[in-house]
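Asks: Once you've had a glance at the structure underneath, I'll fire off some questions.
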Amino acid sequence: MADADDVRRLAMSLPHVVEIDSDGFDFRVADKGFVWSYPERVPGRPRVIRTDIAVLFVGDEAEKQALLLGEPDLFFTAPGYDAWPVVMVRLGEVTVERLAELVTDAWRMRAPEEETLVSDLDEASLGQAR
């Protein structure tokens, strides 16, 4: 099962990723967040940064609903994120391999197409496969 260190290692292995200073983890590409720690909000209590839960950008509502309905033990959402194309993933329930796919997919959706970022990832992947 995965943890915050796995999120950090996977995110930082992708091209042009910047980690934003936070109480948990927060990773961006081209100034766009693609994975960060879950800021849990409970009414009447201070916000708590949960590093055992990652918020992942998924691109659109259809993908979000597919993940939520297909794997409810792994993915969930919260009222503050209802209108956002993101899901929360329970790190203790996901394999590192699956997390790598999720983080990479989130990165791909946020990396600008007009730049060389995606080709940099593809070249890095080819180099690892050799």
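Asks: Hey, among the residues in the range 33-60 that are at pLDDT 95 or above and out of contact with any strand residue (DSSP E or B) (no Cβ under 6 Å at 6 or more places or on another chain), which one's surrounded by the fewest Cβ atoms within 10 Å (Cβ to Cβ)?
Replies: D52
Asks: Give me the pairs, please: first residue somewhere in the range 59-76 and more than 13 Å from V89 (Cβ to Cβ), second residue anywhere and modelled with pLDDT under 95 and among the aliphatic types (A, V, I, L, M), beta-carbon distance under 8 Å, and either six or more positions apart or on two chains.
Replies: Taking only residues 6 or more apart or on different chains, the pairs are G59/M109.
Asks: In addition: Using beta carbons and a limit of 6 Å, which pairs, at least six apart or on different chains, have the first residue in the range 91-118 and crowded, with 21+ Cβ neighbours inside 10 Å and among the hydrophobic types (A, V, I, L, M, F, W, C) and the second one in a helix (DSSP H, G or I) and at pLDDT below 95?
Replies: A111/L117; A111/V118
Asks: Looking at M12, is it under 22 Å from R108 (Cα atoms) and touching a Phe, Trp or Tyr at 6+ places or on another chain (Cβ under 6 Å)?
Replies: Working: under 22 Å from R108 (Cα atoms): yes; touching a Phe, Trp or Tyr at 6+ places or on another chain (Cβ under 6 Å): no.
When the stated conditions are applied, M12 does not pass them.
The values are calculated or read from the model by the stated rules, or taken from the named source; none is laboratory data. Treat the numbers as computed from the prediction; the structure is a model and nothing was measured. Methodologically, a virtual Cβ is constructed for each residue, glycine included, from the backbone with ideal geometry; neighbour enumeration extends over all protein chains shown.
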